[in-house]
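Since the structure comes first, as C-alpha cells, the remarks are kept for the end.
Coordinate-derived values only; no laboratory data. Remember, predicted model here, so these are calculated numbers, not experimental data. FYI the Cβ positions are ideal-geometry reconstructions off the backbone, even for glycines, and counts take in every protein chain you see.
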Amino acid sequence: MTGIPIVVSAPSGCGKDTILEQLFKINDNFAYSVSATSRAMREGEVNGVSYHFTTREEFEGMIKNAEVLEYTEYCGNYYGTPKKAVEDMLSQGKDVILKIEVEGAMNIKRIFPECVLVFILPPSMPELERRLRKRGTETEETIASRLAQARVELTYADKFDYLVVNGDLHKAVDDLNSVILAEKMKAKRCTELLNEIKNS
Ligand code: 5GP
C-alpha cells in the first residue's frame, strides 16, 4: 500500500515542531520530508535533518531540473519539497509528513489529491501573541510581523481538511494522530486490504 502525504501547516508560534516531535514518538509509520532551503542555518539545526541547506544558485538548479515537487519564496528565501525523496518514501508505504507553509500545502493538494491537509491553530490570537513573546528572542517588530503573517495564513485554514487546536499539547498530538489513523481507515484507501480479506 502506498503511503499518504500529510501536510502540516501552522503560523509561527503554534507549536507545530513540538507536536510533530511527539507524534513521531507515538507512531512509527511516519517519514519526514526534509525540505531544501536557501536560508541560513540556525543554531542547533543540522544539514540533512532540519533542512537540506543550499545556496540560491543550487536551489535554482533544483527548480530547473524539476527536482522539487513544489517550492516557494518565503521571507526572501527559497523553500521546496524534494521530489524523489517524497516519492520513494510514499512508494515504500510510509506516510510522509510535510511541514510546509499554506501555499505549498495548496500545491501539494493539486499534485496529490489524496493527501491530507492539517492546519494547526492557536487557541486564540492573544494566546499566540503571548507565546511569541514568551520565546524572549523576538523584537517587537518581529512579533508584529509574525502576528500579521499568522492572520494571512489563517485565511487559508478553511481550505484544509482538518483543524487541530494546540491549546493542550497532549490533546493536540492525540488529535493529529487520530485524524491520520481515521484517514488510513477510509474504505477508499483500503481496497487492497479488502481484496486480500475477500480472497483469503
Ligand atoms: P523556517 O524558516 O521558520 O524554518 O520556515 C519558514 C516557513 O517555510 C515555515 O512556514 C515552513 O513550514 C515553510 N517551509 C519549510 N519547508 C518548506 C517547503 O519545502 N515548502 C514550502 N512551501 N514551505 C516550506
Item checked: Folded to 0 to 90 degrees: helix 16-26 orientation relative to the chain principal axis, Cα -> 30
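Using mean Cβ contacts within 10 Å as the protection proxy, how do 187-194, 90-97 order, highest first?
Numbers: 187-194: 10.5, 90-97: 16.8.
Output ranking for 187-194, 90-97: 90-97, 187-194.
Net charge around ASP168, counting only other residues with Cβ within less than 13 Å of its Cβ (Lys, Arg = +1; Asp, Glu = -1)? All intermediate terms of the calculation are to be shown ahead of the outcome.
On the way: positive: LYS171; negative: GLU127, ASP174, ASP175.
My count for the surroundings of ASP168 gives -2.
Under a point-charge model restricted to the Cβ atoms of Lys and Arg (+1) and Asp and Glu (-1), what is the dipole moment magnitude of the range 6-49 relative to its Cα centre, in debye to the nearest 20? The partial results should precede the final answer.
Numbers: 4 positive and 5 negative charges, 24 e Å.
Roughly 120 debye, rounded to the nearest 20.
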Notebook entry, point to check: MET106: net charge of surrounding residues, Cβ under 13 Å, Lys/Arg +1, Asp/Glu -1, itself excluded?
Noted result: -3
Next item on the list: Once you've got the GNM for the chain with C-alpha springs shorter than 10 Å, pick whichever of PRO126, PRO82, PRO11 has the biggest mean-square fluctuation.
Entry: PRO126
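Please report ASP175, ASP158 as a ranked list, fewest other C-beta atoms within 10 angstrom at the top and most at the bottom. Write down the numbers at each step before the final one.
Details: ASP175 19, ASP158 8.
Ascending Cβ contact count within 10 Å gives the list ASP158, ASP175.
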Next item on the list: Treating cross-link reach as a plain straight distance, find the lysines whose alpha-carbon is under 27 Å from the alpha-carbon of LYS184, omitting any fewer than eight places away in the same chain.
Entry: LYS16, LYS25, LYS83, LYS84, LYS94, LYS99, LYS109, LYS159, LYS171, LYS198
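Taking neighbour Cβ counts within 10 Å as the exposure measure, how do LEU20, LEU132 sort from fewest upward?
Details: LEU20 19, LEU132 22.
Lowest to highest Cβ neighbour count: LEU20, LEU132.
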Checklist line | Within a Gaussian network of the chain (alpha carbon springs, distance under 10 Å), most fluctuating of SER38, SER145, SER50 | finding: SER145
Next item on the list: Among LEU147, PRO122, VAL68, flag the residue with its Cα farthest along the positive direction of the charge dipole of the chain, charges on Cβ as +1 for Lys/Arg and -1 for Asp/Glu.
Entry: PRO122
Next item on the list: On a C-alpha basis, how far is the centre of the range 1-63 from the centre of the range 75-103 in Å? Whole number, if you could?
Entry: 8
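Quick one: putting +1 on the C-beta of Lys and Arg, -1 on the C-beta of Asp and Glu, what dipole do you get for the range 92-200 around its Cα centre, in Debye to the nearest 20?
Details: 18 positive and 18 negative charges, 33 e Å.
Magnitude of the dipole: close to 160 debye.
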Next item on the list: Would you mind checking the range 1-21 for residues with the amide N under 14 Å from a putative spin-label position 7 Å along Cα→C-beta of ASN195?
Entry: 1-2
Next item on the list: Pick out which of VAL102, VAL179, VAL118 has the largest mean-square fluctuation in a Gaussian network model of the chain, springs linking Cα atoms closer than 10 Å.
Entry: VAL179
Next item on the list: Give me LYS99, LYS186 ranked fewest to most by other Cβ atoms within 10 Å of their Cβ, as a rough exposure proxy.
Entry: LYS186, LYS99
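Full extension from LYS25 to ILE111: what is 0.36 nm times the residue separation minus their Cα-Cα distance, to one decimal in nm?
Working: separation 86, 0.36 × 86 = 30.96 nm, distance 2.85 nm.
The span from LYS25 to ILE111 would gain 28.1 nm if fully extended.
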Margin query: Using the crude model of +1 on Lys and Arg Cβ and -1 on Asp and Glu Cβ, and no other charge, please compute the dipole size for the chain relative to its Cα centre, in debye to 20.
Written below: 300
Item checked: Residue (of ILE4, GLN92, LEU181) at the positive-pole extreme of the chain, dipole from beta-carbon charges -> LEU181
Checklist line | Degrees between helix 125-134 axis and first principal axis of the chain (Cα, 0 to 90, nearest 10) | finding: 70
Note to self: Tell me the relative contact order for the chain as a rounded percent, counting alpha carbon contacts under 8 Å between residues six or more apart.
What the structure shows: 30
